Every structure is written in C-alpha cells, then in structure tokens.
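Trainee: Mind looking over this structure? Questions follow.
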Amino acid sequence: MNVLKDNLSTYWEGFLGTVRLTVYSSLLALVLGFVTASFRVAPVASLRLFGTAWVTVLRNTPLTLLFFAVLLGLPRFGLVLPFEVFAVLALGCYTSAFICEVLRSGINTVPTGQGEAARSLGMNFRQTLSLVVLPQAFRSVIPPVGSTLIALAKNSAIAGAFSVTELLGTYKTINELGYNIVWTFAWIAVGYLIITLGISALFHLLERTWGLAR
C-alpha cells in the first residue's frame with residue numbers, strides 16, 4: 001500500500017490522462033467509424049472505395065507505426081499540436097477502422113426489405129441510412145463496440161512512449177524513486193481495470209436498455 005499512498009498524485013495524474021485519451025479517442029473513433037461505415041455501404045463507387053481503403057490501411061498498420069507517422073510526420077507538414085492531441089488522432093483513426101467494420105456488420109443484419117420499403121416511401125440514401133437502417137443496426141452492435149473501446153483504452157498505453165501523460169508511463173517516475181516494481185505495475189493494472197470495467201458497465205447498461213433480446 002505504501003507504493004500507492006506515497007505516489008497517489010502521480011497515479012491520479014496518469015489515470016486522468018488515460019481517461020482523457022480514452023474518452024476523446026472514443027468520440028473521434030465513433031464519429032469517423034460512423035462516417036466510414038456510411039461510405040462502405042453508399043451507392044457511390046468512389047465513397048465505397050475510400051471507405052475500403054481507409055479500413056484496409058488502418059487495420060493492417062501497427063498502432064505504434066501510426067503513432068510515429070502522426071507525431072513525427074504531421075509536424076513536418078507544418079501541423080504542430082500538443083502530443084496529447086496527436087495521440088488522440090492516432091488512437092481515434094486507428095480504432096475507427098474497427099468501429100466501421102462493426103457498424104457495417106450491424107448494417108448487414110438489417111433485412112434488405114427495410115431499405116427497400118424506405119426507398120418506396122421516397123426516402124433518399126441518407127434518410128434511409130440514418131432513420132431506418134442505423135437505428136436497427138446500432139441495437140445489434142452494442143457489445144462489439146464496447147469491446148472495441150475497451151481495446152482502445154488499453155492501446156492508449158502506447159502514448160506514454162511519446163511523452164504523453166498516461167497511466168502506464170507512471171512506472172518510470174515511481175521506479176526511479178526506488179519503489180517495488182511489481183507493486184508499481186500491480187496498481188497500474190488496477191487503474192486499467194477500473195477504466196475497462198467502467199466501459200463494460202456502461203455498454204452493459206446500453207445493451208439492457210436498447211440491445212436486441214437474445
């Protein structure tokens with residue numbers, strides 16, 4: 001317990017850093033995932049091509065490499081932002097590819113007759129997707145979206161290697177003070193457990209409220 005009590009402020013700062021990264025990156029991933037999933041099922045070939053390319057490239061790129069590309073590459077083009085913002089961009093864009101595929105799988109579970117009925121009522125693609133298809137698809141993808149965001153929370157640990165304040169990076173400061181490394185990592189693990197259990201509880205509540213009965 002001495003490790004935790006003596007370094008509570010350090011742990012708390014790292015915990016809040018991980019929470020911020022998770023929340024902001026999740027919001028970005030959900031927005032980009034929704035847009036890309038819309039492109040993937042759009043009737044316009046160029047949009048489908050862009051959506052496919054986005055998912056293919058990001059899903060097959062190591063996250064660490066994407067961090068290097070964003071944090072070291074974008075400043076070369078004159079885009080200079082705080083490292084935490086760059087980390088949110090890397091995490092959000094990377095996770096959006098997985099969110100996109102989850103949403104697309106949910107869209108594919110909606111019977112085609114639903115879309116045809118909407119079009120027969122005079123709805124265009126945007127109205128059909130937003131008012132008919134996605135509300136039904138959302139109900140079936142709540143659990144996998146939650147699992148994807150839990151993975152995002154754990155992936156945020158990579159940001160610590162790029163001078164971003166987050167939970168895993170606290171071990172460096174604490175280890176330099178001579179504390180037991182095993183207990184240092186044990187309390188870090190507890191912090192991640194709190195975050196992931198919080199996300200799990202939130203999506204369990206969403207599933208009970210809006211999810212499909214199984």
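The values are calculated or read from the model by the stated rules, or taken from the named source; none is laboratory data. These numbers were taken from a predicted model, which means no experiment stands behind them. Neighbour counts are summed over all protein chains in view; Cβ atoms, including those assigned to glycine, are modelled from backbone coordinates with ideal geometry. Only protein heavy atoms, including side chains, enter the accessible area calculation; ligands, DNA and RNA are left aside. Shrake-Rupley method; radii C 1.70, N 1.55, O 1.52, S 1.80 Å.
Trainee: What number, in nm² with one decimal, is the all-direction average of the projected area of the convex hull of the alpha-carbon atoms of segment 38-86? Working shown, then result.
Mentor: On the way: hull surface 17.6 nm².
Mean projected area for segment 38-86: 4.4 nm², to one decimal.
Trainee: Contour minus end-to-end for Leu4 and Leu193, with contour as 0.36 nm per residue of separation and end-to-end as the Cα-Cα distance?
Mentor: Values: separation 189, 0.36 × 189 = 68.04 nm, distance 1.55 nm.
Using 0.36 nm per residue and subtracting the Cα-Cα distance, I get 66.5 nm.
Trainee: For Cα pairs less than 8 Å apart in space and 6+ apart in sequence, what is the mean separation divided by the residue count of the chain, i.e. the relative contact order in percent? Don't skip to the answer; put the middle values down first.
Mentor: Working: 240 pairs, mean separation 63.1, N = 214.
Taking the mean separation of contacting Cα pairs over the length of the chain, I get 30 percent.
Trainee: Report the charge-dipole magnitude of segment 1-133 in Debye, nearest 20, computed about the Cα centre from +1 at each Lys and Arg Cβ and -1 at each Asp and Glu Cβ.
Mentor: Charge dipole of segment 1-133: 360 debye, to the nearest 20.
Trainee: What percent of all Cα-Cα pairs in segment 1-117 falls into each 10 Å bin, going from 0 up to the bin containing the maximum distance?
Mentor: Values per bin, smallest distances first: 13, 31, 29, 16, 8, 2, 0.
Trainee: Please list, in order along segment 4-21, the HN-Hα scalar couplings obtained from phi with the Karplus expression 6.51 cos²θ - 1.76 cosθ + 1.60 (θ = phi - 60°), rounded to whole Hz, x for Gly and Pro.
Mentor: The phi angles translate into 6, 5, 6, 10, 4, 5, 5, 4, 5, 5, x, 4, 5, x, 5, 4, 4, 4 Hz.
Trainee: Skip the ligands, DNA and RNA, and give the accessible area per residue of segment 98-147 with a 1.4 Å probe, whole Å².
Mentor: Numbers: 2640 Å² over 50 residues.
For segment 98-147, the solvent-accessible area averages 53 Å² per residue.
Trainee: Next question, about the same structure. Two decimals is fine: what is log10 I(q)/I(0) at q = 0.11, 0.16 Å⁻¹ for the chain, from a Debye sum with one equal scatterer on every Cα and no solvent?
Mentor: -0.63, -1.07
Trainee: Quickly rank 116-124, 85-93 as a protection proxy: mean count of other C-beta atoms within 10 Å, highest first.
Mentor: Values: 116-124: 11.8, 85-93: 22.9.
Per-residue mean Cβ counts within 10 Å order the peptides as 85-93, 116-124.
Trainee: Considering Cα pairs under 8 angstrom that are at least six residues apart, work out the relative contact order of segment 34-158 and quote it in whole percent. Could the numbers behind the result be given before it?
Mentor: Details: 97 pairs, mean separation 33.6, N = 125.
Relative contact order, segment 34-158: 27 percent.
Trainee: Using the alpha-carbon atoms, what tilt in degrees (0 to 90, nearest 10) does helix 181-210 show relative to the longest principal axis of the chain?
Mentor: 20
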